[in-house]
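Encoded as structure tokens, the structure appears first; notes follow it.
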Amino acid sequence: MSTARFLKARDIAPWLEELGREYTVLAPTRHGDTVVFREFEPERGIELDRLSTTPAKKALLPPCETLFEYATTKTDTPPYRTSIELRPTLPEGKILLFGTRPCDARAMQIFDRVYDGEQVKDPYYTARRNAATIVTLACSGQAGTCFCDRVGGSPVDATGSDVLLTPLKAGYVAEALTEKGMELMRDTAFMKADGLRQEALNVRNRILEEVPERTSFLDMERNLLSLFGDLGFWDKTAESCLSCGACTYLCPTCYCFNITDEPHGDSGKRIRTWDNCMSSQFTLEGSGHNPRPTKAHRMRNRIGHKFSYYPQLHDKTLACVGCGRCISNCPVSFDIRNAVACAIQHAAANAQEHAHD
């Protein structure tokens, strides 16, 4: 399914403003030196020339959300009984994500396998997912920290998108990839493409030709598993890490969370918030025992989950889309690409050494 139309650059803001009457419209916006996904406001404008600092994942999995509210009542005569009333707070309304990049759109499908799978369906996530339409902007190239090509993606990948925009001189060729996308493009803001579809295809092909040939990070499961017991390797890998958690909070595919109850007398609410697996408290048990007591243990888990454990559970799909935010925003410039490349080399060296034994 693919229907092409043309959207002039000057028509985007008025179109999004009009859509705001029906959708919650989220778009990349400048905030100081950063670009963040936030609710569209015409006076703030939109930023489509660089990858957003924060991922678009908060639209489907908010940093903090109330799962339900509760109230307790207790009889004042025997037999004393307590009853609890639960009031779920399921999200409502349609969502439009405009200007996501291919890596962010692809990341949504990594979430889908966890929160909307055959065995588990999270009602809060699925409500937002079903209500969301994703309009993705193809990248015009790769930044120095990008590596989508090494994890199965590309700068023009349409995976997870309802509409793919390809930048041309005066605007964008928009191609609908789903029924949601076709419905969105029925708006009068979209003009006939008049043969521009082929030009858009040529642009995407030129972008792909500029992507250098590099070592793939696919099929890493065995390499990383072979290093599981080599804590010396992980000690060296994690040496510069500060355990600040910036990499996890800015990662479009990290989905760990914590749940807390906030009581207020006889009532309260249950809250879900993003959590950080690089924190020493993430796995700290009430007994005081911590199964991941050091940075090395936590780094092994973070990289192992993305490149080994998740792929083993989900048809070899990596839980990394190569956006590079964890590199560009790390205070010590920890480079996960180097860590994975070193793991490949170290595992190969170990295998060769054992072969000679």
Query - Residue selected from region 4-14 under the condition surrounded by fewer than 19 Cβ atoms within 10 Å (Cβ to Cβ) and either among the hydrophobic types (A, V, I, L, M, F, W, C) or not assigned by TED's automatic domain parsing to the domain that holds L97 (or both), by the criterion nearest to I46 (Cα to Cα) - result: A13
Query raised in the report: Out of curiosity, is P55 touching a helix residue (DSSP H, G or I) at 6+ places or on another chain (Cβ under 7 Å) and surrounded by fewer than 19 Cβ atoms within 10 Å (Cβ to Cβ)?
Result: no
Query raised in the report: Tally time: how many residues in region 169-208 are over 21 Å from D49 (Cα atoms), of a type outside the set (A, V, I, L, M) and part of a helix (DSSP H, G or I)?
Result: 6
Query raised in the report: For region 213-279, which fully contained helices (runs of 4 or more DSSP H) count at least 1 residues that are of a type outside the set (A, V, I, L, M) and either over 20 Å from the mean Cα position of the chain (by Cα) or surrounded by fewer than 18 Cβ atoms within 10 Å (Cβ to Cβ) (or both)?
Result: 221-226, 231-237
Report summary line: Among strands (runs of 3 or more DSSP E) entirely inside region 1-82, those with 1 or more residues being in contact with a Gly (Cβ under 7 Å, 6 or more places away or on another chain) are 3-8, 23-31, 64-74
**Report entry** Flag if D162 is touching a residue at least 24 places away in the same chain (Cβ under 8 Å), of a type outside the set (A, V, I, L, M), closer than 16 Å to V25 by Cβ and surrounded by 20 or more Cβ atoms within 10 Å (Cβ to Cβ)
**Finding:** yes
Query raised in the report: Looking at H314, is it surrounded by fewer than 20 Cβ atoms within 10 Å (Cβ to Cβ) and either more than 30 Å from P62 (Cβ to Cβ) or at pLDDT 95 or above (or both)?
Result: no
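Any idea which residue in region 170-187 is modelled with the lowest pLDDT, counting only those that are more than 14 Å from R101 (Cβ to Cβ) and touching a helix residue (DSSP H, G or I) at 6+ places or on another chain (Cβ under 9 Å)? Can you show your working first?
Applying the first criterion (more than 14 Å from R101 (Cβ to Cβ)) to region 170-187 yields 170-171, 173-187.
Filter again for touching a helix residue (DSSP H, G or I) at 6+ places or on another chain (Cβ under 9 Å), leaving 170-171, 173-176, 184, 187.
Numbers: A170: 87, G171: 94, V173: 96, A174: 96, E175: 96, A176: 95, L184: 94, D187: 92.
Checked region 170-187; the qualifying residue modelled with the lowest pLDDT is A170.
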Report summary line: Output for Cβ contacts, cut-off 6 Å, separation at least six or different chains, first residue assigned by TED's automatic domain parsing to the domain that holds A176 in region 193-205, second surrounded by 11 or more Cβ atoms within 10 Å (Cβ to Cβ) and assigned to a loop (DSSP other than H, G, I, E, B), reads R204/V156
Query - Test set (1) over 29 Å from P123 (Cβ atoms); (2) in contact (Cβ under 8 Å) with a residue 12 or more places away in the chain; (3) not assigned by TED's automatic domain parsing to the domain that holds L164 - F68 fails condition number - result: (1)
Requested in this report: With the condition kept exactly as written, say whether any residue in region 138-157 is closer than 18 Å to L218 by Cα, among the basic types (K, R) and either assigned by TED's automatic domain parsing to the domain that holds T178 or not in a loop (DSSP other than H, G, I, E, B) (or both).
Outcome: yes
Requested in this report: Say whether the condition of being surrounded by 20 or more Cβ atoms within 10 Å (Cβ to Cβ) and aliphatic (A, V, I, L, M) is met by at least one residue in region 114-129.
Outcome: no
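The values are calculated or read from the model by the stated rules, or taken from the named source; none is laboratory data. No experiment lies behind these values; they were computed from the predicted model shown. Counting neighbours? That spans all protein chains shown, and the Cβs are built from the backbone with ideal geometry, glycine included.
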